[in-house]
Amino acid sequence: MNLVEQIDIYRMGTLCGIYSKEELIGFLDKIIVDLDEPPYEIIEASLACNSNLQDALHILKEYFYGNNGDDSTVNKQLLHIISEKYQVNEITLEDSIYYLDQLMNEVNLDNETIATINYLSDGLYLAKQGIYGDVETIKNDFIEFISEY
């Protein structure tokens, strides 16, 4: 995975709530320190994060598309990050499905993935409300889905 895609993973991860603003700033600052000549957009985005996060995310989005980043690689990696965070108990089932919902709203996913996320989200809500199904079934279905990544 190249630098452009790594940057977009943090941009999209921040948009979806997977990463905090502080984690994004730390990532951008590390790039600035590690590279002899960091891209100007990275410096600009890092500086903009504290005053206007949306401006910083817009700068990073333009950088990604201006450098021909690969959406599918980024999307798969974001799903993988959700999977990893869930597996190490860093996030709960509810958090994971929330992040999937947010991701679905921000990126272009294939229809099968969208249908699965909708099923998990609706299923968790209905199960927690005692309307239909049970949380354990949704949990097992989530684990089966996310383990692909």
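The values are calculated or read from the model by the stated rules, or taken from the named source; none is laboratory data. This structure is a prediction, so every number in the text was calculated from the model and none was measured. So basically every Cβ, Gly included, is an ideal-geometry build from the backbone, and we count neighbours across all protein chains shown. These area figures cover heavy atoms from the full protein model, side chains too; ligands, DNA and RNA do not enter into them. Shrake-Rupley method; radii C 1.70, N 1.55, O 1.52, S 1.80 Å.
Figure legend: label point modelled 7 angstrom from the Cα of E5 along Cα→Cβ; residues of region 73-102 with amide N under 13 Å from it are 73-80. Given L3, S20, Y40, which one lies farthest toward the positive end of the charge dipole of the chain, if we put +1 on the Cβ of every Lys and Arg and -1 on the Cβ of every Asp and Glu? Selected residue: S20. With a simple spin-label model that places each label point 7 Å from the Cα along the Cα-to-Cβ direction, the separation between K30 and I114 comes to 3.4 nm. Given R0 = 35 Å, the distance between the Cβ atoms of D122 and D71 translates into a calculated FRET efficiency of 0.85. Per residue, the chain exposes an accessible area of 56 Å² to a 1.4 Å probe, with every protein chain left in place.
Near E90, once Lys and Arg are set to +1 and Asp and Glu to -1 for all other residues with Cβ below 15 Å from its Cβ, the sum equals -3. The residues neighbouring V135, those whose beta-carbon lies less than 12 Å from its own, together hold a net charge of -2 under the Lys/Arg +1, Asp/Glu -1 convention. For volume of the Cα convex hull per residue in Å³, the value calculated from this model appears in (1) 237; (2) 170; (3) 114 under label (3).
Helix 135-146 against the longest principal axis of the chain: what's the angle in degrees, Cα atoms only, rounded to the nearest 10? The angle comes out near 40 degrees. Taking the protein heavy atoms of the chain in the context of the full set of protein chains, the accessible area attributed to carbon and sulfur is 46 percent at 1.4 Å.
Loop-located GluC sites (Glu not before Pro) in region 111-149 (DSSP state not H, G, I, E or B) with no more than 11 neighbouring Cβ atoms inside 10 Å: E148.
The count of lysine pairs in the chain that are at least 8 places apart or cross chains, and whose C-alpha atoms lie under 19 Å apart, stands at 8. Taking Cα atoms, how many degrees apart are the long axis of helix 111-129 and the longest axis of the chain, rounded to 10 and kept between 0 and 90? So the helix axis and the longest Cα principal axis differ by about 60 degrees. Pairs of Cα atoms under 8 Å, at least six residues apart: use those to get the relative contact order of the chain, whole percent. Relative contact order, the chain: 23 percent.
What GluC sites (Glu not before Pro) in region 27-67 are in a loop by DSSP, with at most 13 other Cβ atoms within 10 Å of the Cβ? Hits after loop and neighbour filter: nothing returned. Compared with the dominant Cα axis of the chain, that is its longest principal axis, helix 3-16 is turned about 50°. Other residues within the sphere of radius under 13 Å centred on the Cβ of C49, judged by their own Cβ, net out at -4 (K and R +1, D and E -1).
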